[in-house]
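Read-outs: derived from the displayed coordinates by stated rules, not from any lab. Bear in mind the structure is a predicted one, so any value in this text is a computation, not a measurement. Positions of Cβ are backbone-derived with ideal geometry, glycine not excepted, and every protein chain shown enters the neighbour counts.
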Amino acid sequence: MKRFAALYTALDQSTKTTTKVAALEAYFREAPDADRLWTIALLSGRRPRRGVTTTQLRDWAAELAGLPQWLFEDSYAVVGDLAETIALVLPEGEAPGGDTRSLSDWIAEVKRLGTLDEPARKAAVLGAWGTLDRTGRFVFNKLITGGLRVGVSQTLMTRALARATGVPEPELAHRLMGDWTPETVSFESLVLTRDPEADLSKPYPFCLAYQVEDGVQALGSPADWLAEWKWDGIRGQVILRGGQHFVWSRGEELMTDRFPELARLRDFVPEGTVFDGEILGWRDGAPLPFAALQTRIGRKTVPKKLLAEAPVILLAYDLLEAGGEDLRAAPLAERRARLATLTEGLPDEVPLRLSPEVGFDDWAALAALRATSRARGAEGLMLKRRAAPYVGGRRKGDWWKWKVDPLSVDAVMIYAQAGHGRRANLFTDYTFAVWDGDALVPFTKAYSGLTDAEFREITAWVRKNTLQRFGPVRQVPGELVFEIGFEGIQPSPRHKSGIALRFPRMLRWRRDKPAAEADTLESLRALL
Amino acid sequence: MGDMAVLSFTEAGIWCEAGDFHIDPWRPVPRALITHGHADHARPGHGAYLATHAALPVLRHRLGDIRAEGIAYGEARQIGGATVSFHPAGHVPGSAQIRVEVGGEVWVVSGDYKTEPDGLCEPFDPVRCHAFISECTFGLPVFRWAPQAEVAAEIRAWWQANAAAGRVSLLGAYALGKAQRLMAAVGDGPGPILTHGAVEAVTDVLRGQGYALPATELVTPGTDKARLAGALVIAPPAALGSAWARRLGTVSTGFASGWMRMRGVRRRRGADRGFVMSDHADWDGLNAAIAATGAERVFVTHGYTSVFRRWLESRGYDAQVVATEFEGESVETPAREPAAATEAGP
Ligand SMILES: [Zn+2]
Ligand SMILES: [Zn+2]
């Protein structure tokens with residue numbers, strides 16, 4: 001574990017990209033194959049199966065540290081991370097630093113925990129804590145609980161691995177995609193060799209867009225840009241190869257079984273085709289609200305009733321592969337033309353549409369169209385440079401989203417809770433209420449959108465004005481007003497207020513507004 | 001006897017009725033006993049000040065022309081119906097716990113304290129008492145400090161790596177106490193120790209008192225760039241990321257504080273390195289200090305008071321929380337108190 005713990009420390013200590021890539025590259029040069037493979041897996045969000053419950057971990061850690069349960073829980077609420085809390089409260093081990101096992105040995109140990117009975121499992125966990133030093137314990141705990149985040153994107157990891165192995169970066173990015181696990185591949189087969197069978201299902205790294213911030217005029221001539229509506233669906237790649245089809249989410253999750261209607265594409269689209277597009281609930285030639293699609297997310301298979309209630313289509317906006325040929329280097333204009341040909345004249349029953357181009361002559365005209373987004377059910381517009389190749393990852397310049405300003409409401413903070421991770425010691429998670437007569441009714445939580453300085457100021461205020469504590473939650477007087485932005489609003493019988501917001505966040509602190517002038521539940525309902 | 005209140009908690013702060021004086025008051029009062037020179041303990045505007053001889057020079061440096069009297073550690077003094085004495089708190093040079101005895105009942109106000117000797121300030125000396133008013137800034141079991149020598153070695157290694165790469169090592173630390181403790185502990189490094197004006201001023205005062213501090217040099221616009229490259233620059237936390245810091249050239253930033261024990265806080269501060277070093281007692285230190293007083297009643301203040309009170313109660317103490325108006329070195333403002341403490345000086 002020592003080598004990996006040292007890598008973790010180096011990545012965690014540095015805020016500089018170059019330092020992180022260099023540390024990773026050095027690690028990838030030295031570590032044994034099994035460790036390299038697991039490191040790639042961990043940094044891309046994969047982890048061993050959990051063999052211990054977090055309740056067991058908490059109980060054992062509190063016991064070993066000689067702490068009552070409540071004190072352990074209060075400490076956890078302050079630290080905000082279970083693996084870290086445990087590592088911090090445990091007494092020094094018997095042989096800290098006596099660990100000679102590799103990362104993959106430790107992962108095997110974590111997997112073995114699931115096969116043991118409880119006393120043996122406990123003994124194994126306590127044994128691990130006794131051998132490892134603090135960072136080692138933290139990593140070990142993270143291997144069990146998941147979520148070992150070190151601020152290294154897939155792109156950076158790929159870059160470091162490319163430098164260490166000599167495999168070209170784009171090639172490597174492609175190889176690392178898909179639903180492999182360290183149990184199903186070897187370092188050799190995943191990274192170093194090309195396996196045509198495995199390649200069959202693999203998506204291309206997604207091209208990601210930035211939000212327009214400095215105004216569209218800065219983009220230059222409107223003629224260079226293609227505009228499309230931005231719909232609120234699920235971004236996906238649909239792959240047709242070898243007589244099969246595969247549907248991938250942007251989060252690299254294979255979703256083929258969730259959208260069985262897309263199997264129809266096999267009958268109408270030639271082999272060796274890869275689309276990039278938006279999967280949308282669709283009826284009578286128009287998209288359904290996201291809520292319809294939401295009913296289908298999280299289900300591995302879809303019952304017939306849901307299929308009928310919320311049928312989906314792929315609204316395709318890019319063609320990455322045609323006739324088995326990788327088109328990504330071609331300009332967007334050319335890819336679009338081929339996509340148009342491919343989708344032209346398909347019968348209505350085929351769940352595939354071309355994302356239509358939004359025509360415009362100048363930026364002012366496009367701005368006017370954008371203002372109609374919400375009425376159309378769209379989030380805004382996408383702008384793509386016609387001459388650009390398709391480049392994976394988030395790169396400024398060729399793809400922009402130009403979303404409409406969010407809906408907003410002025411609300412009163414009534415509860416505050418400490419944040420997690422970076423903001424573990426600030427009160428950053430708030431519950432907000434609006435007026436219903438002379439009562440404040442909670443309707444949403446939000447936890448981002450303010451500056452650190454504002455969070456610090458509010459934290460001091462919360463400390464001085466706490467009315468009651470419920471565990472980590474503080475009730476405060478309804479005095480501070482915030483503007484809450486959100487992307488959508490829908491009725492929700494589960495909530496006391498009867499409504500639920502989509503993507504709520506704080507837009508700003510309205511120091512200028514007394515609580516009495518905050519919005520009412522009535523005005524919120526009017527937005528439904 | 002046990003229920004007699006030697007000290008009580010008022011709007012202005014801790015008050016002794018028998019002697020009619022306050023301890024570390026936050027509103028102006030006629031007579032103030034001051035534990036140490038940090039801004040949340042030593043405020044301006046009192047009629048008369050009493051502090052240890054060792055704390056007075058910094059107090060005067062910060063508060064200017066005050067009516068102040070010094071007292072030796074351990075010296076007993078009668079004030080009205082109370083007998084008071086000051087005892088080392090080990091927090092910063094000159095810092096004290098204040099013992100107050102009225103009619104045989106003894107109460108002790110800890111001020112800020114740490115139990116590990118740091119080689120610079122007068123080491124913490126437990127005082128037997130009936131009631132102990134204890135800070136608990138780090139009153140959670142997640143706070144445990146490594147021995148100072150270990151942390152100093154980490155800082156030295158960081159300094160050496162920076163010097164080898166031609167970078168300035170910029171270390172953020174409170175100007176009173178932490179800054180001097182660091183320069184004394186870190187020992188010989190690959191270059192000179194340079195300071196920000198706020199740190200240099202306090203260092204000068206303490207050096208003048210006879211505390212053994214290494215040579216330091218004030219950073220000025222004229223400081224030679226080549227000299228800076230291998231240097232350790234000690235500055236108040238507020239100076240990190242400021243225009244002043246940008247003029248230093250390529251820096252690696254470090255921050256030394258007990259809060260650095262938590263990864264979330266470490267990341268929030270945005271320094272390249274966080275070193276876990278505090279001038280307050282850690283969890284074990286708090287518990288050991290309280291046990292050593294032999295007190296049955298404990299009042300907790302500053303920090304995780306409600307959690308720590310509950311813990312003490314579960315250990316059989318009669319424990320209560322004392323509200324404070326200001327939370328000096330709390331995590332939300334690790335940069336503010338020390339900045340005020342040094343920049344408010346004359
Ligand atoms: Zn202090
Ligand atoms: Zn203090």
Dipole size in debye (nearest 20) for segment A:207-403 around its Cα centre, Lys and Arg Cβ +1, Asp and Glu Cβ -1?
600 debye
Loop-resident sites, segment B:212-286, for trypsin sites (Lys or Arg not before Pro), counting at most 16 other Cβ within 10 Å (DSSP):
B:ARG247
Comparing B:GLY13, B:GLY166, B:GLY264 in a Gaussian network model of chain B (Cα, 10 Å), the one with the largest mean-square fluctuation is B:GLY264
Descending principal axes extents, segment A:207-403, alpha-carbon based, whole Å
47, 38, 31
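DSSP loop (so not H, G, I, E, B), at most 15 other Cβ within 10 Å: list which trypsin sites (Lys or Arg not before Pro) in segment B:103-174 pass both filters.
Those that pass, being in a loop and sparsely packed, are B:ARG128.
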Which value in deg cm²/dmol, rounded to the nearest 500, describes the helix-derived mean residue ellipticity at 222 nm for the protein assembly as shown, given -39,500 (n - 2.57) per DSSP H run of n ≥ 4 and division by the residue count?
-9000 deg cm²/dmol
In straight Cα distance, which lysines are under 22 Å from A:LYS496, not counting same-chain residues fewer than 8 positions off?
A:LYS445
Distance between segment A:246-296 and segment B:255-317 - C-alpha centres, whole angstrom:
54 Å
For A:HIS495, B:HIS302, order by how many other beta-carbon atoms lie within 10 Å, fewest first
A:HIS495, B:HIS302
Just the Kirkwood number for chain B, please: inverse of mean 1/r across all distinct Cα pairs, in Å, one decimal.
20.5 Å
Nearest 10 degrees, 0 to 90: what angle lies between the long axis of helix B:197-209 and the longest principal axis of chain B (Cα atoms)?
60 degrees
Cα extents of segment A:407-525 along the three principal axes, largest first (Å):
35, 30, 27
Considering every residue in B:204-214, what mean count of other chain Cβ atoms within 10 Å of its Cβ is obtained?
0
Peptide B:259-272: average number of partner chain Cβ atoms within 10 Å per residue?
6
What is the distance in Å between the Cα centres of segment A:34-93 and segment A:446-472?
26 Å
When only alpha-carbon atoms count, how far does the protein assembly as shown stretch along each of its three principal axes, as whole angstroms with the largest first?
102, 66, 66
Mind checking the dipole of segment A:407-525: about its Cα centre, +1 per Lys or Arg Cβ, -1 per Asp or Glu Cβ, Debye to the nearest 20?
540 debye
How large is the charge dipole for chain B, taken about the Cα centre, if only the Cβ atoms of Lys, Arg (+1) and Asp, Glu (-1) carry charge, to the nearest 20 debye?
1260 debye
Ignoring GluC sites (Glu not before Pro) that are buried or in helix or strand per DSSP, and keeping those with at most 14 other beta carbon atoms within 10 Å, what is the longest stretch of chain A between them?
A:358-478
Need one value for B:140-147: mean number of C-beta atoms belonging to other chains within 10 Å of its residues' C-beta atoms.
6
Using only the Cα atoms of segment A:118-273, build the gyration tensor, take square roots of its eigenvalues as a ≥ b ≥ c, and label the shape rounded, prolate or oblate: rounded if a/c is under 1.5, else prolate if a/b is larger than b/c, else oblate.
prolate
So which trypsin sites (Lys or Arg not before Pro) in segment A:235-339 pass both tests, a DSSP loop state and at most 11 other Cβ atoms within 10 Å of the Cβ?
A:ARG299, A:LYS300
